[in-house]
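Notes follow once the structure below has been shown.
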Amino acid sequence: MTGILQMIIQAISGAVGGNAAGKASSKLNLGNIGNTIAGVLGGLGGSQLLGLLGVANSASGSTDIGSIIASIVGGGVGGGALTAIVGLVKNMLNKK
């Protein structure tokens, strides 16, 4: 059950990070649904990547405060980063 809770936290944080990245730059904006989808995927991936790299213990599924904060930060940053990357790729493809 704790693994599911961590994934929910990561997904929500990723969605927030993705929407923040989209609002920060109109060139990166994928629309509300696009920002949210890219953010959720980036949030889940970013937090898991931090856990695999040993930076955070978010991949283990524990529910201590450090793991929860790592999930929030990793999810937010990962969601924002993936949204920005997808927005850049989308703009590059539209210029051709």
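Panel note: the C-alpha atoms of the chain, placed on their principal axes, show extents of 46, 23, 19 Å (largest first).
The residues 13, 67, 47, 25, when put in order of fewest to most other Cβ atoms within 10 Å, stand as 25, 67, 13, 47.
The angle between the Cα long axis of helix 2-24 and the longest principal axis of the Cα atoms of the chain comes to about 30 degrees, rounded to the nearest 10. For the chain, the longest principal axis of the alpha carbon atoms and the long axis of helix 65-95 meet at an angle near 20°.
Taken together, the values in this text are just the output of simple stated rules run on the coordinates, not laboratory data. All figures in this text were calculated on a predicted structure; none of them were measured in a lab. Positions of Cβ are generated from backbone atoms using ideal geometry, with glycine treated the same way; all protein chains shown enter the neighbour counts.
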